[in-house]
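Note sheet for the following structure.
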Amino acid sequence: MHSPSPAPARALAALGHDGTDWALRYMPLLASTVRRHTAALASKRRAMCLHVEPKTAALVALLTEAGAEVTLTGSPGTTQDDTADALRAAGVTVHGRRRDDLADQASSRAS
């Protein structure tokens, strides 16, 4: 199994991704909920298809910090490339880019 990057929330903050940093600061209920359920999340695989933007990055960072392995795919046209790149740099598997069409998304997941 893929070993998640340690502490992606801190890794994202160290990368200086302002949107995710803001989301992590202003979403305390999400952070406390994920931290309360860390035991249930640890070593679990999660696949998510969401708009890739800073609030999603905050969720993914907290889940991976709790020990979950997360693979994320975004919706064509709504993925924020800087956010996807920051997640990738923190060790998260992210499929897709803003400019992708459905064929690009399918080929990305097939590889």
* Structure fact -> One finds, for R88 and C49 with R0 = 22 angstrom and r their Cβ-Cβ distance, a FRET efficiency to the nearest 0.05 of 0.85
* Structure fact -> Amide H contacts under 5 Å for V52, restricted to residues at least 5 apart in sequence or on another chain and with H modeled in the peptide plane, are S75, T79, Q80
* To do: Would you please give the residues with an amide H less than 5 Å from that of H95, counting only those at least 5 places away or on a separate chain, with H modeled from the backbone geometry?
  => L72, T73, G74
* To do: Would you mind getting the accessible area per residue of segment 30-111, heavy atoms of the protein chains only, 1.4 Å probe, in Å²?
  => 50 Å²
* Structure fact -> With x for Gly and Pro, the residue-by-residue ³J(HN,Hα) of segment 66-76, computed from phi through the Karplus equation 6.51 cos²θ - 1.76 cosθ + 1.60 at θ = phi - 60° and given in whole Hz, is 7, x, 7, 9, 10, 10, 10, 10, x, 8, x
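The values are calculated or read from the model by the stated rules, or taken from the named source; none is laboratory data. Predicted, not measured: the structure shown is a model, and the values here were computed from it. Neighbour counts run over all protein chains shown; Cβ positions are idealised from the backbone, glycine included. The area values use the complete protein model at the heavy-atom level, side chains included, leaving out ligands, DNA and RNA. Shrake-Rupley method; radii C 1.70, N 1.55, O 1.52, S 1.80 Å.
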